[in-house]
1. Sort through Gly173, Gly225 and tell me the only one that's over 25 Å from Cys102 (Cα atoms), touching a Gly at 6+ places or on another chain (Cβ under 9 Å) and not aliphatic (A, V, I, L, M).
2. Restricting the search to the stretch 133-167, which residues are under 30 Å from Ile239 (Cβ atoms), small (Gly, Ala, Ser) and out of contact with any Lys or Arg (no Cβ under 6 Å at 6 or more places or on another chain)?
3. Taking the residues in the stretch 136-154 that are in contact with a helix residue (DSSP H, G or I) (Cβ under 7 Å, 6 or more places away or on another chain) and closer than 26 Å to Leu91 by Cα as candidates, determine which candidate is modelled with the highest pLDDT.
4. Residues that are within 26 Å of Gln208 (Cα to Cα), in contact (Cβ under 8 Å) with a residue 12 or more places away in the chain and of a type outside the set (Val, Ile, Thr): does the stretch 90-100 have at least one?
5. Do we have Glu23 as surrounded by fewer than 23 Cβ atoms within 10 Å (Cβ to Cβ) and more than 23 Å from Ala210 (Cα to Cα) here?
6. Can you pull out every residue in the stretch 27-71 that is on the phi < 0 side of the Ramachandran plot and assigned to a loop (DSSP other than H, G, I, E, B)?
7. Suppose we filter Phe30, Phe60 for residues that are of a type in the set (Phe, Trp, Tyr) and under 18 Å from Leu214 (Cα atoms); which single one remains?
8. Give the residue that is nearest to Met217 (Cα to Cα), with candidates limited to residues of the stretch 1-26 that are part of a loop (DSSP other than H, G, I, E, B) and of a type outside the set (Val, Ile, Thr).
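The values are calculated or read from the model by the stated rules, or taken from the named source; none is laboratory data. Keep in mind it's a predicted model, so treat the numbers as computed, not measured. For neighbour counting, all protein chains shown are included, and Cβ atoms are generated from backbone atoms with ideal geometry for every residue, glycine included.
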Amino acid sequence: MDFAFISCIGNRVINEDSYSVKEKNGSYCFTVCDGLGGHAKGEVASKCAAQTFSDKFESFEGNIPEFFEAAFDEAAENFRKLAGESPVLELMKTTVVSLVICGSECGWAHIGDSRLYGFHNGEAVLCTTDHSVPEMLVKTGEIKQSDIRNHPDRNKLLRAFGVSDETPEYEVGDLKDLSDYDAFLLCSDGFWELINERKAEKCLKHSQNAEQWLSEMTKQVEHKGRRREMDNYTAIAVITAKGGK
């Protein structure tokens, strides 16, 4: 397994993105979280969630759906403990996207608008569905998928992970055969808003490894964001050993 990661503050004062990478007995858990800037202590929320997924993977025994359920449950409990220490933390929220690769299988879960892309033969064949206002407008036919990146409500989420007694509305994808994918990209919206799938594919086709692929994509992100108020941006690039890159 070949992977690389990056997390940058952009033009913001605080980096509210977090990530974690964990390996256990040849299985891997990759997680990206983006704390909500409009809520208190987004950086605490994202760090807690990413760290919880990493810690929980220590006890991973091969069942991917069960792992996600346990990781989200434990993260919710950790959020409640933090909120009990400080009232301001009761409002903290974060997105979560997590990928687990185990043997010949892979699976993922997410909530919010941090994304997972899957690539096969150099082309993007998978993209998780954002839990956001623009994505809802796509479903109702009011805008096109390509309009999301520049939509004025692109940062308005319909779901996020936070302190609540209710079950978080995260989404778990079906288990897939790892051979269906050559590469994966997990990233926060500060990354994917500034690079589209075609550019990511082009960077992948011209790269020899995950570090080079991520570096080329980051150059695209930073070039397009030069004249903008850049958000935090975080990404994990994964090229599977079976992908044949």
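1. Gly225
2. The one that is under 30 Å from Ile239 (Cβ atoms), small (Gly, Ala, Ser) and out of contact with any Lys or Arg (no Cβ under 6 Å at 6 or more places or on another chain): Ser146.
3. Of everything passing the filter in the stretch 136-154, His151 is modelled with the highest pLDDT.
4. Looking for residues that are within 26 Å of Gln208 (Cα to Cα), in contact (Cβ under 8 Å) with a residue 12 or more places away in the chain and of a type outside the set (Val, Ile, Thr), one finds at least one in the stretch 90-100, hence yes.
5. no
6. Scanning the stretch 27-71 gives Leu36, Gly37, Gly38, His39, Ala40, Phe60, Glu61, Asn63.
7. Criteria check complete, one pass: Phe30.
8. Gly10
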